[in-house]
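S.K.: Quick one: this structure, given as structure tokens, is what I'll be asking you about.
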Amino acid sequence: MKNLKIFGQEIIDENSINQIKNCLGEEDLGVLTADAHYGYGHPIGGAVAYKDKISLSGVGFDIACGNKAVRTNVKAADMDTAKVMDEIFKQISFGVGRTNRERADHPILDKIAHADFEPLRDMAKMAGEQLGTVGSGNHFVDLFEDEQGYVWVGVHFGSRGFGHKITTGFIAMSQGKAFTERGKEGGMDSKPILFDTTTDLGQAYTYCLGLAGEYAYAGRDWAVNKVLEILQAESTFEVHNHHNFAWEEEHFGEKYWVVRKGCTPAFPGQRGFIGANMYDTSVIVEGVDTAESKQGLYSTVHGAGRVMSRTQAAGKKKWIRDDRGKKRPTIVKPGVVNFGAVQQRMKDKGIELRGAGADEAPECYKRLEDVIAYQGDTIKVLHKLHPIGVAMAGAEVFDPYKD
């Protein structure tokens, strides 16, 4: 297709390529980044520019999922990494539906409580309780060491239950139902749900999108500040981006609504934090102004990209409630990943691991070095960050929304 730019086509599965084509109309522009893999209605690692339309499917359920990274004034050699990771896992909440152990206050909560779109007001209590919590799946709070020995804090998560409820509400509204009713979500290859931005419905969605974006930024700020407090450190450099969002932008002399799902915006001079996996080196990158960048809608990878499904890696689980009513996993069919061996490899490399499971093992992902190489001269690497501490929700956490 003349209106589709693909980076690293040879390492992208055919389903993802067909899926992005399914999202494109004649006037639309599409991009697949080299970390792309199959998603719901829109591939993860895909971007589409629409004229006067905004794509709910492209933004997805985890509105404004993104990354924040800060360099600290602390040297890794001077830090007790194990002790710090214990405190991170103790003081920050991981998992679906979790509430924060301490009340996180922020002006965005007042905005939600008095939102122009009235259904959001009913979510103010939940938003307040979940602000700064991390969720599960591939969401994390990590510590890294850079080339000069300085410690970096990196986090990855989005708008939590607040964003998810916005999405399910607008799926219902797209089908003529009330925001609080349940709509049909459709299959993996359903046509994307598009809202005309000139309509009341489209404007309501963009308004809610904006609030969810502010909420996600506030949550990542809170989590990073909590780690800085634990470290008794100061931030000396910061980078912060959404990679599941939609922006109004100009490309090739025309205005578009650009939706990026699992795509980091990388305009010339714009910096981004790209996480690899729990074992390999992550990077700080900067967008470069080239012809290929323009074709790629100034979009780059958001991670390494999955090559193995969660079920294949961890096995098929059946969730059974225990005597206390808590859902716990029982393996029905074993997966291919030996997580005990993964934990030993992490230990041998000196990486302090808290939580996680077989479905987040390094072998579930492409190599970040490879996917970045396929992005050509669209970005440059500024810093290489080596993991020294990783905190994620554990395998025992029930999560119906993992991507």
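S.K.: Check every one of the strands (runs of 3 or more DSSP E) wholly within the range 225-297 and list those with 1 or more residues that are surrounded by fewer than 16 Cβ atoms within 10 Å (Cβ to Cβ) and within 21 Å of the chain's Cα centre (by Cα).
M.R.: 235-242, 244-251
S.K.: What is the number of the single condition among (1) of a type outside the set (Lys, Arg); (2) crowded, with 18+ Cβ neighbours inside 10 Å; (3) more than 22 Å from Gly66 (Cβ to Cβ) that His114 does not meet?
M.R.: Of (1) of a type outside the set (Lys, Arg); (2) crowded, with 18+ Cβ neighbours inside 10 Å; (3) more than 22 Å from Gly66 (Cβ to Cβ), only one is false for His114: (2).
S.K.: Return the residues of the range 67-119 that are small (Gly, Ala, Ser) and either in a loop (DSSP other than H, G, I, E, B) or without any contact (Cβ under 8 Å) to a residue 60 or more places away in the chain (or both); say none if nothing qualifies.
M.R.: Hits for the range 67-119 are Ser93, Gly95, Gly97, Ala104, Ala113, Ala115.
S.K.: What about Gly186, is it open to solvent by less than 70 Å² (accessible area, probe 1.4 Å), farther than 30 Å from Tyr279 by Cβ and not in a loop (DSSP other than H, G, I, E, B)?
M.R.: No.
S.K.: All but one of (1) among the small types (Gly, Ala, Ser); (2) within 20 Å of Asp377 (Cβ to Cβ); (3) surrounded by fewer than 23 Cβ atoms within 10 Å (Cβ to Cβ) hold for Gly41, so report the exception by its number.
M.R.: Going through the list (1) among the small types (Gly, Ala, Ser); (2) within 20 Å of Asp377 (Cβ to Cβ); (3) surrounded by fewer than 23 Cβ atoms within 10 Å (Cβ to Cβ), Gly41 breaks only (2).
S.K.: Right, here's the next one. Looking only at the range 316-348, filter to residues that are touching a strand residue (DSSP E or B) at 6+ places or on another chain (Cβ under 8 Å) and part of a loop (DSSP other than H, G, I, E, B); which one of those is nearest to Val96 (Cα to Cα)?
M.R.: Out of the qualifying residues, it is Asp322.
S.K.: Surrounded by 15 or more Cβ atoms within 10 Å (Cβ to Cβ) and more than 30 Å from Gly8 (Cα to Cα): which single residue out of Arg306, Arg321, Arg310, Arg354 fits that description?
M.R.: Sole residue among the options that is surrounded by 15 or more Cβ atoms within 10 Å (Cβ to Cβ) and more than 30 Å from Gly8 (Cα to Cα): Arg354.
Matching residues to (1) within 19 Å of Ile171 (Cα to Cα); (2) of a type in the set (Gly, Ala, Ser):
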| position | (1), (2) |
| --- | --- |
| Gly39 | yes, yes |
| His42 | yes, no |
| Ala47 | no, yes |
| Ile54 | yes, no |
| Phe61 | yes, no |
| Val70 | no, no |
| Ala76 | no, yes |
| Asp80 | no, no |
| Ile88 | no, no |
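S.K.: Separate question: State whether one or more residues within the range 194-210 are surrounded by 15 or more Cβ atoms within 10 Å (Cβ to Cβ), in a strand (DSSP E or B) and free of Cβ contacts under 8 Å to residues at least 40 places away in the same chain.
M.R.: No, every residue in the range 194-210 fails to be surrounded by 15 or more Cβ atoms within 10 Å (Cβ to Cβ), in a strand (DSSP E or B) and free of Cβ contacts under 8 Å to residues at least 40 places away in the same chain.
S.K.: Then there is this: Quick check on my filter: what residues within the range 140-162 are surrounded by 24 or more Cβ atoms within 10 Å (Cβ to Cβ) and not in a strand (DSSP E or B)?
M.R.: Gly158, Ser159, Arg160, Phe162
The values are calculated or read from the model by the stated rules, or taken from the named source; none is laboratory data. It should be emphasised that the depicted structure is a prediction, and the values quoted were computed from it without experimental measurement. A quick note on method: Cβ atoms are made from the backbone with ideal geometry, for glycine too, and the neighbour counts reach across all protein chains shown. Please note that ligands, DNA and RNA were not included when accessible areas were found on the heavy atoms of the full protein model with its side chains. Shrake-Rupley method; radii C 1.70, N 1.55, O 1.52, S 1.80 Å.
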